[in-house]
Amino acid sequence: MTRPTVVTTIAELRAGLAARAAGRGSGSTPGSVALVPTMGALHDGHLALVERAAELADTVVVSIFVNPLQFGPEEDLDKYPRDLEADLEALDPFDVAFVFAPTASEMYPKGAAQVHVIGGPVAELFEGRARPGHFDGVLTVVSKLLNIAQPDVVLFGQKDAQQVFLVRQLVDDLNFPTKVEIVETVRADDGLALSSRNRYLNGDERRAAVAISRALEAASSGADRGIDAVLAAAQSVFMDERLVRLEYLKVVNPKTFLPVDDGYRGPVRVLIAARVGSARLIDNDAIYLN
Ligand code: PAF
């Protein structure tokens, strides 16, 4: 595949997309546009999004931007892995027209967006409680990216279940004319969900981290016996794993993303966040409570 055109300014991306839409420029394929928003440090989970994007649209744009607005003051903004050359190499086998890799000052010329998108009550729960302001930062940058690239479809990974819920709500509530496509979580052979933050794990921590996906499997095995059995089965996996500190284990209604009551029957999503060494990892799974 030909390497994507790397653009760093909003004007360049818009001009490149307009040229393609008009049948000019490299590749000159007019038609639909898919956007894959990322923060770089690309792994097979991101590449599954890119592969799906290429199936859905004629022009694929991958954005690579470590968005400062979604990191808290004590979080890993400075150490978040950044390697554009490695990311471009990872994208080599795919048909990507543009990589949009802006600087923070290109995205936030005034230092920070003065107008923010507020995610509402669900953005305050779970990840939002652990990371105050995180989802407002995500939704603000996603809104900007949607306005900049004006894609027909935007793709996200199911691993970030709360982000998926809130992006769907953003697109519905603010009437973005963009379809949201979700791609299943990609896992390592032992079940650990792929994440850029897995790079922070040492060997022992990496082995221990698999407890998170094992807990989700255990949760699913308790589904026939109700919510208490689901929670107990998942929690028991962490008892023997001293390197993994469970932060939360929640069972939510996928329609509202609110915790379900005792006695609820139907589809749910089990959410887990845990700290392993310096990494904070999240994962989730859909199960059916009988
Ligand atoms: O999921 C991510 O990597 C980020 O939250 C996103 C959607 C690229 C926004 O910065």
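The values are calculated or read from the model by the stated rules, or taken from the named source; none is laboratory data. Keep in mind that this is a model prediction, so the values were computed, not measured. Quick reminder, even Gly has a Cβ in these numbers, built from the backbone with ideal geometry, and neighbours come from all protein chains shown. The area values use the complete protein model at the heavy-atom level, side chains included, leaving out ligands, DNA and RNA. Shrake-Rupley method; radii C 1.70, N 1.55, O 1.52, S 1.80 Å.
The table for this structure:
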read-out: Under DSSP loop assignment and at most 16 Cβ neighbours within 10 Å, longest GluC sites (Glu not before Pro)-free interval of the chain; value: 76-183
read-out: Selection of trypsin sites (Lys or Arg not before Pro), segment 89-183, meeting DSSP coil and at most 16 other Cβ within 10 Å; value: 110
read-out: Rotationally averaged projected area of segment 139-253 (alpha carbon convex hull; nm²); value: 9.0 nm²
read-out: For segment 119-198: rounded, prolate or oblate by the Cα gyration tensor [a/c cutoff 1.5]; value: oblate
read-out: At R0 = 25 Å, FRET efficiency that the Cβ-Cβ distance of residue 207 and residue 129 yields, to 0.05; value: 0.30
read-out: Helical contribution to [θ] at 222 nm, DSSP H n ≥ 4, -39,500 (n - 2.57), averaged over the chain, rounded to 500; value: -10500 deg cm²/dmol
read-out: Full-stretch length increase - residue 229, residue 92 - with 0.36 nm per residue and alpha-carbon distance subtracted; value: 44.7 nm
read-out: Size of electric dipole in segment 125-170: Cβ of Lys, Arg +1 and of Asp, Glu -1, about Cα centre, debye, nearest 20; value: 100 debye
read-out: With every protein chain in place, the chain: carbon and sulfur % of accessible area (1.4 Å); value: 50 percent
read-out: In degrees, nearest ten, helix 211-221 long axis to first principal axis of the chain (Cα); value: 70 degrees
read-out: Mean accessible surface per residue for the chain, computed with a 1.4 Å probe while every protein chain stays in place, in Å²; value: 47 Å²
read-out: Sites matching trypsin sites (Lys or Arg not before Pro) across segment 187-288 that sit in DSSP coil, with at most 13 neighbouring C-beta atoms within 10 Å; value: 242, 255, 265
read-out: Segment 185-287: chymotrypsin sites (Phe, Trp or Tyr not before Pro) falling in loop per DSSP and having at most 14 other Cβ within 10 Å; value: 264
read-out: Label point distance in nm, residue 188-residue 248, each placed 7 Å from Cα along Cα→Cβ; value: 2.6 nm
read-out: Assigned charges on the beta-carbon of Lys, Arg, Asp, Glu; the chain dipole about Cα centre (debye); value: 400 debye
read-out: Distance in nm between pseudo-label sites at residue 116 and residue 174 (7 Å out along the Cβ direction from Cα); value: 1.4 nm
read-out: Farthest positive-ward along the chain dipole, Cα basis, beta-carbon charges - from 263, 91, 286; value: 263
read-out: Derived scalar couplings ³J(HN,Hα) [segment 234-241; Karplus, 6.51 cos²θ - 1.76 cosθ + 1.60; whole Hz; x for Gly, Pro]; value: 5, 4, 4, 5, 7, 4, 8, 10
read-out: Gyration tensor verdict on the chain (Cα atoms; rounded if a/c is under 1.5, prolate if a/b is larger than b/c, oblate otherwise); value: prolate
read-out: Cβ-placed point charges (K, R +1; D, E -1), dipole of segment 117-254 about Cα centre in debye, nearest 20; value: 300 debye
read-out: Prolate/oblate/rounded call for segment 43-192, Cα gyration tensor, a/c under 1.5 rounded; value: rounded
